[in-house]
1. Under 12 Å from the Cβ of HIS435, count the other residues' Cβ atoms, weight Lys and Arg +1, Asp and Glu -1, and hand me the total.
2. Working from the pairwise distances between different alpha carbons, so that the mean of 1/r is found and then inverted, what is region 615-654's Kirkwood radius in Å?
3. What are the chymotrypsin sites (Phe, Trp or Tyr not before Pro) within region 574-634 that DSSP puts in a loop, where the Cβ has at most 13 other Cβ atoms within 10 Å?
4. On a full-extension model of 0.36 nm per residue, what is the gain between VAL479 and SER207, subtracting their alpha-carbon distance, rounded to one decimal in nm?
5. Just subtract the alpha-carbon distance of ALA861 and LYS735 from 0.36 nm times their residue separation and send over the number in nm, one decimal.
6. Label-point separation (nm) for GLU163 and ARG263, each offset 7 Å from Cα along Cα-to-Cβ?
7. Sketch the reach of a paramagnetic label on GLU431 as a point 7 Å from Cα along Cα-to-Cβ, and name the residues of region 440-478 whose backbone nitrogen lies under 15 Å away.
8. Based on the Cα coordinates of region 589-641, what is the per residue volume of their convex hull in Å³?
Amino acid sequence: MNDLHHPCEHWAEPISLAAAGCLAPDEDREVRRHIETCPDCRERFGQLTELCGALAEARLPTESTEAVIVERVMSTVASDESRRPLVRTRAEMIQPTLLTRSLNNWRWIMRSRVSRVAAAVIFVLAITGVAVWFQGGGARPALADFIEPIREAKTVKCKVTTEFTAQSLQMKLLPEAMQRDLRKTTREVMMLGATRMRTETVNPDKSKTIRIWDGGQGKSISLLPAQKRAEVFDGANKPREKTPNGGDPVAGWRWMLLDAHDRPDAKRESLGEKVIDGRQAVGFRISSPAAVFDVWGDPKTGLPARVEWTTEAVPDVKVTMSNFEFNVDMDESLFSVEPPAGYEVGSFFISTPMIDGSTTKEKDLIETLREYSRLSGGPFPTSIDQLSLTQLIYMEFGFDRMQKPGGKQELAETQAKLQPGLMFRVHLPPEADAHYAGKGVSLGAADTPIFWYRPKDCEKYRVIYADLSVCDADAPPSVRVAQPEKELIEMFREYSELSGGSFPNALDMVSVLQVVFMKKQLAFMKKSSPTVPENPQEPSVAQKQEAAEAQAKLQRRLVNSQVKIQGGLKFAVSLPPEADSHYAGKRVSLGAVDTPIFWYRPKDSEKYRVIYADLSVRDAETPPSMPVAQPEQDLIEVLRYYSELSDRSFPNSLDKESLSLSVSMELLMKFPPEDGQRASAKHLQEMTKFEMQFQPGLDFAVSLPPVADARYAGRGVSLGAADTPIFWYRPKDAKTYRVIYADLSVRDTETPPSAPVARPEEDLIDTFRYFSELSGGPFPDSLGKEYSGLSPLLQKKFSLEKGQKPNAKQTREIAEISLKFLPGTMFINKLPPEADAHYAGKGVSLGAADTPIFWYRPKDAKKYRVTYADLSVREADTPPGVPNAQPMPAPSSPKK
């Protein structure tokens with residue numbers, strides 16, 4: 001099998017004989033002392049005991065048959081012994097061979113209580129079957145055989161896959177598009193020794209994240225190669241006993257596996273056999289309070305083939321390790337925790353330390369509750385799990401805070417207070433009868449129990465109250481069950497207060513938290529762009545302190561709001577399918593007593609619970625009958641908003657990024673900078689409002705599948721014409737098209753409209769046209785982030801001297817011109833390398849019908865689209881042969 005012998009091989013024969021009751025009392029006591037400390041031997045002892053018990057109860061054969069069996073066994077053993085050399089090695093004389101020791105026990109076995117046939121079989125097990133259980137010999141190996149390579153390997157390479165389960169609450173909190181990207185992630189892992197590790201992860205956007213950990217130095221580094229950014233974490237001063245493996249959550253899998261394997265109280269069971277990657281594998285399960293490991297190994301090589309595990313702390317996540325390679329050569333430079341040359345060092349990850357839960361105490365849970373309450377402004381977590389703690393951490397420690405001096409140290413200290421309590425809760429066994437009732441409770445009430453459990457070997461319960469005092473009780477507290485949907489109602493109330501009355505568009509994390517982020521952004525702008533008084537003077541110390549306290553109070557208020565909002569969201573998304581839950585609060589505001597916004601059917605209930613827009617709750621025999629909104633209603637709202645903003649015209653395209661930038665430019669003209677440089681608060685407020693309210697409409701347009709045959713024809717069209725189609729598509733399983741007209745009415749048609757659809761490169765053609773009008777004919781020398789020659793043209797147009805700033809009127813006109821150039825820039829920067837785009841307009845002026853100035857190959861097209869100097873467009877089988885044409889995007893304007 002392999003050259004790694006089982007450390008308990010010399011116990012093989014005594015365990016086999018003890019299982020059959022064939023050992024002298026003193027020898028039997030010695031075996032039983034050993035199996036109390038060795039899980040593998042204890043497992044084998046149990047299996048052999050069952051086998052011998054079955055043999056002892058089996059129907060005995062006739063005496064003649066019994067004699068034949070026993071005689072055959074003995075002759076076989078004697079024959080084997082006779083073939084051995086007469087001269088024994090020194091080792092055999094000092095330590096008798098397995099066969100020699102077994103023959104010495106034969107007399108005792110034959111005097112045992114079992115039948116002589118059973119005794120013969122036991123004897124065979126003792127002298128030959130040991131190989132099956134301890135050395136393999138081509139037969140079924142033991143769990144220890146697969147653990148040993150992991151324990152002893154100098155280097156390890158493997159693939160680690162993290163997969164969220166279908167009912168994962170973490171995933172349900174995210175929009176569907178993000179769920180698809182994050183549901184399953186894979187990373188390549190390399191381990192050098194037991195204290196150095198490197199992981200490489202490919203992100204949904206195809207970029208790569210590298211994390212390197214060095215437990216010997218107590219340091220780790222995270223790298224984003226595409227952005228040349230690095231984060232360094234130095235945990236050299238952290239207490240070692242609190243952070244096994246230096247606190248590395250990835251390297252912790254090996255520590256957790258070995259710890260679970262070596263624990264005397266870990267439960268072990270066989271999983272039988274199955275085929276993995278085309279090879280037969282044998283499986284074992286190890287269950288400890290913190291995690292459950294399924295270890296699958298190849299019986300031919302004795303090496304692990306796959307390790308699957310889940311943890312109590314994050315029960316909805318399954319981790320699988322596969323493709324193991326042991327003791328391969330590795331370049332030590334791959335494990336350097338020093339930032340590479342040219343990398344910007346900052347903070348962009350929030351890591352969670354690994355805590356040894358077996359060492360945590362009740363006081364750790366109390367400290368976790370105290371710290372959470374401090375961070376949240378009073379409330380305790382809705383549940384004691386990793387999700388609740390991590391969300392609060394992300395709320396408190398944003399990017400700006402992490403960049404401040406001491407930010408990372410403060411984060412580490414906060415994590416050190418939060419995590420041990422979670423681990424204490426996770427490691428409580430089922431018989432502790434532990435319960436948490438802190439949901440909706442804040443720090444302070446001395447008579448409100450929030451957590452209780454019964455310690456091991458104790459008859460009384462330990463009860464923690466909301467003032468974090470602890471008392472003993474003979475029975476668990478009787479806590480009244482709160483209104484099930486109370487948290488959801490609080491979420492709606494909090495959201496409407498922050499949004500000015502309206503409810504969220506949808507019940508996912510992005511939709512419900514946008515309002516909090518908007519408030520944070522506006523608060524930051526107010527802080528960073530204070531109004532300059534007529535007679536400015538240095539604020540006093542008291543004024544500075546008052547401003548700081550107001551800012552801290554607002555920050556605390558927003559954190560508390562975020563906690564409330566996420567608590568309600570968790571309730572909504574965790575409802576099972578049979579609850580038949582529905583949300584109808586989109587475009588509804590707080591107040592209407594007869595407008596249902598959410599309903600569901602509680603478990604084992606025949607009635608529905610209905611929440612109305614005044615946040616009252618009533619029971620109903622059947623779910624509310626709500627009018628079904630037009631599927632394209634969200635898109636109509638986007639078109640209406642843009643037309644109001646841009647003096648009735650519709651956007652050039654429905655590309656999400658281009659439209660957002662166009663809206664930003666329109667807002668810049670409508671709300672010019674207050675100081676000539678920084679965007680006004682009103683501009684940013686309106687921009688945030690646009691992103692909040694109209695994201696669903698953009699999502700609707702871009703998410704339509706190809707079979708919907710969707711087209712947009714609103715370029716150059718203004719609000720009003722009832723017979724001008726601007727958008728159409730065919731809904732799923734429908735025979736007719738849904739058509740939106742320029743007056744934003746909607747009608748069904750048998751066939752799609754014959755309205756002209758803009759050419760893909762129309763925005764770029766407009767850019768060429770605008771530039772030639774400014775320049776008097778010539779096209780720009782190059783295309784990039786800024787068009788070559790545009791700045792001099794603007795200076796000339798507005799008669800600006802070099803370095804002279806434009807006035808307010810000129811700034812507005814420059815913004816209007818820039819807005820015209822923006823769509824063309826976006827078109828160029830989005831072209832992928834395979835489009836083979838080139839620009840050849842340098843030195844060319846508007847007019848020549850046979851002079852190509854730009855060409856590219858659209859996605860999935862065999863032909864090129866060629867724009868000529870008269871701005872006509874034709875298709876060509878091959879690109880034009882223009883020397884020195886500039887590839888697009890140009891090196892001076894990298895694609896983003």
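1. Spelling it out: positives minus negatives among the neighbours equals +3.
2. Hydrodynamic radius (Kirkwood, Cα pairs) of region 615-654 is 13.3 Å.
3. Loop-located and lightly packed - none at all.
4. Details: separation 272, 0.36 × 272 = 97.92 nm, distance 4.97 nm.
Result for the pair: 92.9 nm of gain on full extension.
5. 42.5 nm
6. 2.4 nm
7. The answer is 454-460, whose backbone nitrogens lie closer than 15 Å to the label point.
8. Roughly 105 Å³ of hull volume per residue.
We did not get these values from a lab; they are worked out from the coordinates using the rules stated. No experiment lies behind these values; they were computed from the predicted model shown. For neighbour counting, all protein chains shown are included, and Cβ atoms are generated from backbone atoms with ideal geometry for every residue, glycine included.
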